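Colleague: Would you mind keeping the following structure in view while I ask a few things?
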Amino acid sequence: MCDEPKIDNSTQEPMNCTNHTAYVQCLPAPNITCKDHLGIEKVFTGHEVGFYKPIPCRNVNGYSYKVAVALSLFLGWLGADRFYLGYPALGLLKFCTVGFCGIGSLIDFILISMQIVGPSDGSSYIIDYYGARLTRLTITNATFRKMQTYP
């Protein structure tokens, strides 16, 4: 059984997060026998830590998702959302053009709501730990590609 991670209230991420990973302790069930890398057997009673489970965590710098969406919805035509996220040039352009006549405000609201546009420093939004988060899927060199077969 693994413990739930302790959540930091200010960042809504697991505490002790380093290199995008935090660890929680796990207790094996009673009377479980395990061998370590040296071949030594150990019988667990259910009260000692058997291993630490890695939990992914994100880098956050204080930009709230709720604030960004609210600014985009209500003050997006003034560029307040872009100023808040650290894009002053786009914020000034939206301010001078009244949100690109409303179309830019609507596009920005959609992009911020879908978490496509984030803070300019590359960090993630602060979102409730058990809230609605989006995870981007990417294809890298380590991604397995299955060859297509045609009938």
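Colleague: Please give the strands (runs of 3 or more DSSP E) falling wholly within the range 1-111 in which 2 or more residues are free of Cβ contacts under 8 Å to residues at least 24 places away in the same chain and surrounded by fewer than 16 Cβ atoms within 10 Å (Cβ to Cβ).
Modeller: Working: elements: 21-26, 32-35, 41-44, 51-56, 60-64.
Once the strands (runs of 3 or more DSSP E) in the range 1-111 are filtered for at least 2 residues that are free of Cβ contacts under 8 Å to residues at least 24 places away in the same chain and surrounded by fewer than 16 Cβ atoms within 10 Å (Cβ to Cβ), what remains is 32-35, 41-44.
Colleague: Then there is this: Name the single residue that is nearest to Gly79 (Cα to Cα) among those in the range 112-151 being of a type in the set (S, T, N, Q), under 15 Å from the mean Cα position of the chain (by Cα) and open to solvent by 90 Å² or more (accessible area, probe 1.4 Å).
Modeller: Looking only at the range 112-151, we keep the residues that are of a type in the set (S, T, N, Q), and these are 113, 115, 120, 123-124, 135, 138, 140-141, 143, 148-149.
Filter once more, keeping what is under 15 Å from the mean Cα position of the chain (by Cα): 113, 115, 123-124, 135, 138.
So of that shortlist, the ones also open to solvent by 90 Å² or more (accessible area, probe 1.4 Å) come out as 135, 138.
Working: Thr135: 26, Thr138: 30 Å.
Out of the qualifying residues, it is Thr135.
Colleague: Now, a different point. Going residue by residue through the range 34-55, is there one that turns out to be under 30 Å from Ile116 (Cα atoms), within 14 Å of the chain's Cα centre (by Cα) and modelled with pLDDT under 90?
Modeller: no
Quick grid of which residues meet (1) among the aliphatic types (A, V, I, L, M); (2) in contact with a Gly (Cβ under 8 Å, 6 or more places away or on another chain):
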site	(1), (2)
Pro54	no, no
Leu85	yes, yes
Lys94	no, yes
Phe100	no, no
Phe109	no, yes
Ile126	yes, yes
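Colleague: Since Asp121 meets every condition but one in (1) among the acidic types (Asp, Glu); (2) over 29 Å from Leu137 (Cα atoms); (3) in contact (Cβ under 8 Å) with a residue 40 or more places away in the chain, which condition does it not meet?
Modeller: Just one mismatch for Asp121, condition (2).
The values are calculated or read from the model by the stated rules, or taken from the named source; none is laboratory data. These numbers come from a predicted model, not from an experiment. Every residue, glycine among them, receives a Cβ derived from its backbone with ideal geometry; neighbour counts consider all protein chains shown. The area values use the complete protein model at the heavy-atom level, side chains included, leaving out ligands, DNA and RNA. Shrake-Rupley method; radii C 1.70, N 1.55, O 1.52, S 1.80 Å.
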